[in-house]
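The values are calculated or read from the model by the stated rules, or taken from the named source; none is laboratory data. Note that the structure is a prediction, hence the values are computed from the model and not measured. Quick reminder, even Gly has a Cβ in these numbers, built from the backbone with ideal geometry, and neighbours come from all protein chains shown. When the accessible area is computed, the model is the full protein with side chains, heavy atoms only, and any ligands, DNA or RNA have been set aside. Shrake-Rupley method; radii C 1.70, N 1.55, O 1.52, S 1.80 Å.
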Amino acid sequence: MTNSDTTQRLLNAAEEELLTNKGHLEMGPVARRAKASVGLAYHHFGSKTGLIAAVVDRFYQPLREIALGDAIPVEQDWGSRELARMSATTDYFYEAPLAPLIAGRLARESEVLDIEKAHMDKLLELGARNIAQGQRLGIVAPHLDPEVTVALLMGGHRLALDKAVLSDPRPDKQGLIEQVWRFTSQALQLKHEPTRFTHAPGKT
């Protein structure tokens, strides 16, 4: 078994332990579940805190790909691309088993907060550039401050997602996407709506 195999087994086992025990884990049960020694778990992650941080970082990897990678085709028009990004992020939170723990129990852990901040800092930088690009294209209102605006929009979207995945029953996902997009569109004072929303109910 290679180091990479061992790492992934331990991460998978740690995620299963967190889900089983509602956000709590100990290195011994994780090692047993991964069929590895406790010493090997400490060797790879240093501590229980390091292991939890690695699990949380892995949770955010697909979200980084949505925001920073090639998951969303770049040839789409500006509005459609941003709507696709928002929709994909919402889909991920609704489908990921770990999302309620990230939004709830684990949100109070310092290692989770550190990773969340690093993740959000990257997204805020990208989001500000995207809004500035939309302004250059004449799609987004020119008087808006990109950095302030993206912080308001992304913060609101994230809080809405956290509330949604912790709710029982959860809000209808498509309804949430449309509500968040309407808020986003109005806040940005978009000149052109993506085709998907051109004929939505209430749209004239």
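Residues in the range 134-156 that are within 19 Å of ALA88 (Cβ to Cβ) and surrounded by 15 or more Cβ atoms within 10 Å (Cβ to Cβ): 4 in all.
All conditions but one from (1) modelled with pLDDT of 90 or more; (2) under 30 Å from GLY138 (Cα atoms) apply to THR20; the one that does not is (2). Those helices (runs of 4 or more DSSP H) of the range 12-128 that lie entirely within it include none in which at least 2 residues are of a type in the set (Gly, Ala, Ser), in contact (Cβ under 8 Å) with a residue 12 or more places away in the chain and open to solvent by 40 Å² or more (accessible area, probe 1.4 Å). Answer yes or no: is there a residue in the range 170-178 that is within 13 Å of GLN189 (Cα to Cα) and either modelled with pLDDT under 95 or touching a helix residue (DSSP H, G or I) at 6+ places or on another chain (Cβ under 7 Å) (or both). Within the range 170-178 (the criterion being within 13 Å of GLN189 (Cα to Cα) and either modelled with pLDDT under 95 or touching a helix residue (DSSP H, G or I) at 6+ places or on another chain (Cβ under 7 Å) (or both)), the answer is no, since none of the residues qualifies.
If you go through the range 66-89 and pick out every residue that is among the hydroxyl-bearing types (Ser, Thr, Tyr) and under 18 Å from GLU193 (Cβ atoms), you end up with 2.
Can you confirm whether THR6 is at pLDDT below 95 and not small (Gly, Ala, Ser)? Taking the combined requirement at face value, the residue satisfies it.
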